[in-house]
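Engineer: Here it is: the structure, laid out below.
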Amino acid sequence: MERKKITLPNILKLYDAGERISMLTAYDFPSAAIADAAGIEIILIGDSLGMVVNGYKNTMPVTIDEILYHTRAVMRAVEYGFVIADMPFLSYQTGAHDAVYNAGRLLKEGGAEAVKLEGGRNMAEVIKAITRADIPVMGHIGLTPQSIHRMGGYKIQGRDVKSSAALITDALAVEDAGAFALVLEGIPGGLAKEITAKLHIPTIGIGAGKEVNGQVLVFHDLLGLSGHKQPTFVKQYAHLRETAVSAIQQYIKEVKDGVFPGEEHTYK
Ligand code: KIV
């Protein structure tokens, strides 16, 4: 069936209609093609690619050129979903000029349709500058992986009165600055619900409970492709790592036993 490409106005229509929004990361041609074939509405080239597909310990080393490389591969596959590219550490924190330039590169050279960046009040001026350049921005607050050293690790945020009030102020500042949506990561479900009720833009949760306007997961976590223990908020809908390991073991055995290639795999 012919499907029409999803645009930003389509995403906002889903929010207005009260329909929950599905979002998933993808980092390369095959993962983007699979997410797109399934009908995911927002595809994110997350800076989580640093850890998930490049093996870094955290997202800090990811560069704008790495995000661009992966964005181009994703864009070659996507026909349906709305595509957002993540702004990596130091591509926007240094000021509005750098932020607009780097966000612009993700659209101009990568082909993305919007950008995402981490931060609340501290990033309001940057969000304003990027949106003034007509580049749609998705915000991201709560457990923001680029703040790993301030947080002292990946820790749930907003658990006490002071920090939950600060996150509400941050959410309002991001909306006020012109973001079209906001990722809420690693915060209590009650706080996510309160923030969602106060905003007039969609909230997309990851480890933020169900009282938000949409959900995002990492592709490899959802499909069970990662070899490590998953955080509580992850639901594995498949166990593809085990399937892949056992398929490859079978291949090794057939090579050793002389079973593969068979007659049907041999040119006459
Ligand atoms: O980098 C990423 O994948 C993200 C999502 C998990 C929201 O920021």
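The values are calculated or read from the model by the stated rules, or taken from the named source; none is laboratory data. Every value quoted in this text rests on a predicted model; they were computed, and no experiment measured them. Every residue, glycine among them, receives a Cβ derived from its backbone with ideal geometry; neighbour counts consider all protein chains shown. Surface accessibility is based on the protein's heavy atoms, side chains included, excluding ligands, DNA and RNA. Shrake-Rupley method; radii C 1.70, N 1.55, O 1.52, S 1.80 Å.
Engineer: Condition first: of a type in the set (A, V, I, L, M) and either within 14 Å of Ala114 (Cα to Cα) or assigned to a helix (DSSP H, G or I) (or both). Now tell me which residues in segment 1-25 satisfy that. Give the derivation first.
Structural biologist: Restricting attention to segment 1-25, the residues satisfying the condition of being of a type in the set (A, V, I, L, M) are 1, 6, 8, 11-12, 14, 17, 21, 23-24.
Selection gives Ile6, Leu8, Ile11, Leu12, Leu14, Met23.
Engineer: Can you spot a residue in segment 32-42 that is under 27 Å from Arg132 (Cα atoms), within 16 Å of the ligand (Cβ to nearest atom) and under 16 Å from the mean Cα position of the chain (by Cα)? Spell out how you get there, then give the answer.
Structural biologist: Here is the first cut: in segment 32-42, the residues under 27 Å from Arg132 (Cα atoms) are 41-42.
Now restrict to residues that are within 16 Å of the ligand (Cβ to nearest atom): 41-42.
The next check asks that each one be under 16 Å from the mean Cα position of the chain (by Cα); those that pass are 41-42.
There is at least one residue in segment 32-42 that is under 27 Å from Arg132 (Cα atoms), within 16 Å of the ligand (Cβ to nearest atom) and under 16 Å from the mean Cα position of the chain (by Cα).
Engineer: Going by what's in this entry, would Phe82 be described as open to solvent by 60 Å² or more (accessible area, probe 1.4 Å) and within 17 Å of Gly139 (Cβ to Cβ)?
Structural biologist: Numbers: open to solvent by 60 Å² or more (accessible area, probe 1.4 Å): no; within 17 Å of Gly139 (Cβ to Cβ): yes.
So Phe82 fails the test.
Engineer: Among Val100, Val62, which is over 13 Å from the mean Cα position of the chain (by Cα), crowded, with 24+ Cβ neighbours inside 10 Å and free of Cβ contacts under 8 Å to residues at least 40 places away in the same chain?
Structural biologist: Working: Val100 fails: crowded, with 24+ Cβ neighbours inside 10 Å.
Sole residue among the options that is over 13 Å from the mean Cα position of the chain (by Cα), crowded, with 24+ Cβ neighbours inside 10 Å and free of Cβ contacts under 8 Å to residues at least 40 places away in the same chain: Val62.
Engineer: Sort out which residues of segment 153-169 are among the hydroxyl-bearing types (Ser, Thr, Tyr) and assigned to a helix (DSSP H, G or I), and write them in order of number. Working first, answer last.
Structural biologist: So the first thing to find is which residues in segment 153-169 are among the hydroxyl-bearing types (Ser, Thr, Tyr), and the list is 154, 163-164, 169.
The answer is Ser163, Ser164, Thr169.
Engineer: In segment 213-242, what residues are away from the ligand (no atom under 14 Å from the Cβ) and part of a helix (DSSP H, G or I)?
Structural biologist: Scanning segment 213-242 gives Leu240, Arg241, Glu242.
Engineer: Write out, first by first residue and then by second, each pair whose Cβ atoms fall under 7 Å of each other, whose residues are 6+ apart or on separate chains, and whose first residue, in segment 236-252, is free of Cβ contacts under 8 Å to residues at least 12 places away in the same chain while the second is open to solvent by 100 Å² or more (accessible area, probe 1.4 Å) and not in a helix (DSSP H, G or I).
Structural biologist: So the pair list comes out empty.
Engineer: Considering every residue within segment 232-249, establish whether at least one is at pLDDT below 95 and not aromatic (Phe, Trp, Tyr).
Structural biologist: yes
Conditions (1) within 10 Å of the ligand (Cβ to nearest atom); (2) surrounded by 21 or more Cβ atoms within 10 Å (Cβ to Cβ), marked per residue:
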{"site": "Leu184", "(1), (2)": "yes, yes"}
{"site": "Ile187", "(1), (2)": "no, yes"}
{"site": "Leu191", "(1), (2)": "no, yes"}
{"site": "Glu194", "(1), (2)": "no, no"}
{"site": "Ala197", "(1), (2)": "no, no"}
{"site": "Glu211", "(1), (2)": "no, no"}
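Engineer: Of (1) modelled with pLDDT of 95 or more; (2) surrounded by fewer than 24 Cβ atoms within 10 Å (Cβ to Cβ), Glu2 satisfies all except one. Which?
Structural biologist: So the condition that Glu2 fails would be (1).
Engineer: Looking at segment 35-53, I want the residues that are closer than 16 Å to Pro136 by Cβ and have a partner that is small (Gly, Ala, Ser) and surrounded by fewer than 24 Cβ atoms within 10 Å (Cβ to Cβ) with Cβ atoms under 6 Å, at least 6 apart or on another chain. Which pairs are those?
Structural biologist: The qualifying pairs are Glu41/Ser22.
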